[in-house]
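Asker: Following this message is one structure expressed as structure tokens.
Where a number appears in this text, it was derived from the coordinates with a stated rule and is not lab data. Predicted model only: the values in this text are computed from it and were never measured. Cβ coordinates were reconstructed from backbone atoms using ideal geometry, including for glycine residues, and neighbour counts include every protein chain displayed.
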Amino acid sequence: MNNRERLLKTFQHEEPDRVLTHCRGVLPNGTFWRDWQMTVAEDLEDEDVLILPGFGDLTMQKWLGLDIVLAGIPIIVNYPRHSLPGHEGPHKRRVGWQGSINESRSHGGLPYSWYIGGYFKREEIQNDWYEKYGNPFDEEYRPGPSHQKAFKKKLDVLEERNYPFVLVAQTGSFWEILMEGLGYEGIAYAMRKNKTYLHRYINQIKDAILYAWKLILELDVDVIGIADDLGQKGRGLLHPDQWKEFIGPAFKELTDFAHKKGAYTWMHSCGFIENFLRDLIDHGLDAIQSLEPASGVDIERVTDKYGDKMTFVGGMDSTRTLSWGTVDEVIADTKKCLKAGMPNGGYIAGPAHRIIDCPVENVVAMRDTIKKFGKYPCKL
């Protein structure tokens with residue numbers, strides 16, 4: 001059974017031969033990457049190195065035992081970032097197409113862009129900016145054949161090698177674009193005083209995502225989705241009723257289109273998102289990734305309640321246990337997630353977040369525990 005067959009079994013809520021493993025990435029400016037390079041990488045043999053055309057160096061992913069890679073087509077391309085008025089100092093603050101203000105700094109010896117706040121607090125500010133610098137939703141900023149060709153190359157490489165990894169397409173967001181561009185002040189004002197503008201803007205975002213999804217789904221793609229953080233520690237970033245009113249209809253249009261094309265839908269969301277799961281299912285979502293325990297998400301509770309309706313991805317505590325726990329605690333946490341998610345299929349194992357400042361021995365413990373106990377039938 002190859003990884004594509006395992007993925008389809010998982011989304012059909014059937015048990016493959018083993019559980020798939022997914023991680024959103026390893027940050028190169030974290031201590032894990034540094035320590036891994038200084039220890040593990042020094043002893044790797046030539047056969048341990050994996051470089052794939054279109055993907056680059058996937059040696060770390062291979063070492064971690066991962067089965068899934070993420071790739072997509074951007075929804076807005078080549079739209080220039082311009083300096084925030086009044087902030088032209090040594091660390092220039094720049095405004096993105098959606099109004100997010102970012103400042104570049106150095107972290108761990110590498111450049112890193114930090115989010116500052118939202119600039120488009122009122123519709124008039126956004127209109128003035130687009131009038132001055134161009135509207136990002138105009139045709140000239142759409143992705144095109146070159147982006148589709150690059151994406152197809154990735155698919156072809158994986159197919160030619162019998163799926164050492166399987167690709168999940170991930171493109172776009174709704175709430176994060178609104179939150180980062182308008183800020184909470186701008187969102188709150190629009191929800192109460194300017195709903196017409198907010199609905200129109202969300203539909204513009206939806207149309208941009210849909211355009212990229214059409215390019216992707218013309219190819220042989222099994223799973224497609226977005227990344228949209230709806231939660232924080234202990235609660236959501238907006239009320240579920242607000243999500244349903246403003247974002248739900250646009251989200252449903254995307255999932256309906258994906259299902260029409262024979263693809264499953266996937267979403268990454270950090271934070272406490274349990275209060276959104278019922279609505280996400282009703283709006284066509286097939287899989288949710290993160291299941292952040294540090295925010296209060298209980299993998300046993302959500303799999304018991306919705307395990308037959310949704311594929312769950314992640315759940316292992318990268319924030320606390322993987323970063324600060326003992327090896328034994330990592331093993332126990334990993335086994336707990338496997339035990340909750342694996343029975344009857346519908347589960348993909350892995351940490352809730354990217355691996356950043358984690359001891360190498362803890363990551364090894366998680367990887368090896370998944371490998372040992374992630375075989376079907378589940379015996380935990």
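Asker: Please work out the FRET efficiency for the pair residue 44 and residue 103, using the Cβ-Cβ distance as r and a Förster radius of 41 Å; give the result to the nearest 0.05.
Answerer: It comes out at approximately 0.65.
Asker: Within the chain, which DSSP H helices have Cα atoms that stretch 30 Å or more along the helix axis and a mean Kyte-Doolittle hydropathy of at least -1.0?
Answerer: 195-217
Asker: What is the list of residues in the stretch 38-79 whose amide nitrogen lies under 16 Å from a point 7 angstrom out from the Cα of residue 133, following Cα to Cβ?
Answerer: The answer is 76-79, whose backbone nitrogens lie closer than 16 Å to the label point.
Asker: Provide the packing ranking of 312-318, 169-175, i.e. peptides ordered by the mean count of other C-beta atoms within 10 Å per residue, highest first.
Answerer: The densest-packed peptide leads the list: 312-318, 169-175.
Asker: Grab the DSSP H runs of the chain that are 4 residues or longer, score each as -39,500 (n - 2.57), total them, divide by all residues and round the 222 nm result to the nearest 500 deg cm²/dmol.
Answerer: After summing the helix terms and dividing by the residues of the chain, the value is -12500 deg cm²/dmol.
Asker: Sticking with this structure for a sec: Return the aspartates and glutamates within reach of residue 206: Cα separation strictly under 15 angstrom, same-chain partners fewer than 8 residues apart disregarded; answer none if there are no such residues.
Answerer: Hits, sequence-local ones excluded: 138, 139, 176, 228, 245, 253, 256.
Asker: Regarding the stretch 286-380, what's the average projected area of the Cα-atom convex hull, expressed in nm²?
Answerer: Projected area, direction-averaged: 5.5 nm².
Asker: Suppose each label sits 7 Å from its Cα in the direction of the beta carbon; what would the residue 185-residue 309 distance come out to in nanometres?
Answerer: Each label point is offset 7 Å from its Cα along the Cβ direction, giving 3.9 nm.
Asker: Continuing with the same structure: Based solely on C-alpha atoms, express the radius of gyration and the Dmax of the chain in angstrom.
Answerer: 20.9, 62
Asker: If you don't mind, there's one more thing I want to ask. Counting only other residues whose beta carbon sits under 9 Å from that of residue 118, what net charge do I get with K and R as +1, D and E as -1?
Answerer: Residues close to residue 118 contribute a combined charge of -1.
Asker: Say each of residue 114 and residue 360 gets a label point 7 Å from the Cα, pointing the same way as Cα to Cβ; how far apart are those two points in nm?
Answerer: Each label point is offset 7 Å from its Cα along the Cβ direction, giving 3.0 nm.
Asker: What nm value, rounded to one decimal, do you get for the distance between residue 156 and residue 203 when each label is placed 7 Å out toward the C-beta?
Answerer: So the two model labels end up 3.9 nm from each other.
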